[in-house]
Amino acid sequence: MARIAGLLGTAPGTVVVRHDLSSLHEGVVRRSVSLDGRETASVHELAHGCVSCTLRADLLPLLSRLAARDSVHRIVIALDPAFEAEAVCHAIANVPVVGIVGRVDGPAGRDVRIDAVVTGLDARTWVADALSDDTLDERAGGAGDGDRTVAQLAVGQVEFADAAVVFASDQVSDGERDVLRSVLDRLIPTAPAIWVEDGREVTGGRVEMLLDRIPADSRRGRSFDAHAPLLRGQPPLADENGVALIEFATDRPFHPSRLHEALDVLFDGVITARGRIWLATQPDRVVWLESAGGGLRIGDAGMWLAAMSPADRAAADPDRRALAALRWHEDFGDRDISLVILTCGADPDEIRTALHWALLDEAELILLRNTPELVAQWADPFGEFHEDPCATTESEADRGIESRSKER
């Protein structure tokens, strides 16, 4: 990202902001700000030594101050690998900036607009990282106590991008390049990309042209909620180069214990899986599933419309209500299962078979319809998302997320 940011920073009036979080565990963050060939560096102490504190205490106020300068026309943030673009964009839009003289307290998003999120990836390593079950701690040579994985970071950075720069594209075989291209076509179907050969210098003008090719309706920092369409941008649905995009949709729920066992099929040869789940033991709650490589998270995504009061249902998103009305079931309302799974090497039929096996059979569905109070007493491994294992960050605890990794 530093290389891309440096190229974008050559345009007049462009500020490049970099944070080095390598000493964050010591409560210190190093920041550099470059404008028109001049760079200033500073060191900041953070009492809690965490990424969220860096956002709140330094980056967000800095954006607001830079935006107030007449000489600044564009701000490029070169994210440290510890930052995730989606979290940064969410903070810009929602986290209040307070205490700036002459400015009314409020989000930095009042002062700046996110025009694009650009990611860089190495053609030699990205697919392996996206399929990995290594944690970031393990990759760094630590004890591996944290559960944040390399795959979650690698997939998340690309999935959220509006455009991509693929480096070292000539340092892999034709087959490996075809696999990577097939994955990107399905993961970020509308995002334009530059494929850079190793040793060839990509120019700032070429990157600027890449930005011009970003579609008008690209996400540009927006986060989509759990009820937004899972397939965006009309990605190819045909299998290609061992890469497949699987849609799994049904109007009957999962048996929680069988689902817990079936999820093992998502740990090998799967780039990512995401979507909404209906658990028979939790008729009121939408369960959200999201995986990357060998790491998986399951959490709460609010209530089904059918479980809401009339007033809450009327206040729900109109698009969500319209889509639900098209498939409303007289007994179960809008409850359903909708998953999208991007595979790279896994057998799609094996995944479909495992997920179908985890669904309620006809006898269990009759039991759910007639005596839901009995079904609610079934063993449910997903009943307490925060306990197995405990959430590792405040944000995970707030969302009730269970993190689970492939057993090694």
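The values are calculated or read from the model by the stated rules, or taken from the named source; none is laboratory data. Fair warning: this is a prediction, and the values are worked out from it, not measured in the lab. All Cβ positions, glycine included, derive from the backbone under ideal geometry; neighbour counts span all protein chains shown. Please note that ligands, DNA and RNA were not included when accessible areas were found on the heavy atoms of the full protein model with its side chains. Shrake-Rupley method; radii C 1.70, N 1.55, O 1.52, S 1.80 Å.
Structural remarks
- Members of region 185-216 that are assigned to a loop (DSSP other than H, G, I, E, B) and under 19 Å from Val340 (Cβ atoms): Ile188, Pro189, Thr190, Ala191
- Residue check, Val28 more than 20 Å from His90 (Cβ to Cβ) and not hydroxyl-bearing (Ser, Thr, Tyr): yes
- Filter result for Ile4 (at pLDDT below 90 and either in contact with a helix residue (DSSP H, G or I) (Cβ under 8 Å, 6 or more places away or on another chain) or among the aliphatic types (A, V, I, L, M) (or both)): yes
- The residue that is nearest to Arg285 (Cα to Cα), among those in region 365-376 that are free of Cβ contacts under 8 Å to residues at least 24 places away in the same chain and open to solvent by 70 Å² or more (accessible area, probe 1.4 Å), is Glu373.
- Unique match (being closer than 29 Å to Val158 by Cβ and either open to solvent by 40 Å² or more (accessible area, probe 1.4 Å) or out of contact with any Pro (no Cβ under 8 Å at 6 or more places or on another chain) (or both)) among Asp111, Asp105: Asp111
- For region 184-201, taking the residues that are aliphatic (A, V, I, L, M) and in contact with a Leu (Cβ under 7 Å, 6 or more places away or on another chain), the one that is least open to solvent (accessible area, probe 1.4 Å) is identified as Ile194.
- Contact map, region 161-182: first residue at positive phi, second residue open to solvent by 30 Å² or more (accessible area, probe 1.4 Å), Cβ cut-off under 8 Å, separation 6 or more or different chains; pairs are Ala168/Asp122; Ala168/Arg124; Ala168/Glu197; Ala168/Asp198.
- Unique residue being touching a residue at least 60 places away in the same chain (Cβ under 8 Å), assigned by the TED database to the domain that holds Leu360, under 20 Å from Gln157 (Cβ atoms) and not aliphatic (A, V, I, L, M) when the list is Thr250, Thr272: Thr272
- Of the helices (runs of 4 or more DSSP H) lying entirely inside region 274-359, those containing at least 3 residues that are over 18 Å from Ala228 (Cβ atoms) and open to solvent by 20 Å² or more (accessible area, probe 1.4 Å) are 310-315, 348-357.
- Here region 74-87 is the region considered, the condition is being in a helix (DSSP H, G or I) and surrounded by fewer than 20 Cβ atoms within 10 Å (Cβ to Cβ), and the residue that is modelled with the highest pLDDT is Glu86.
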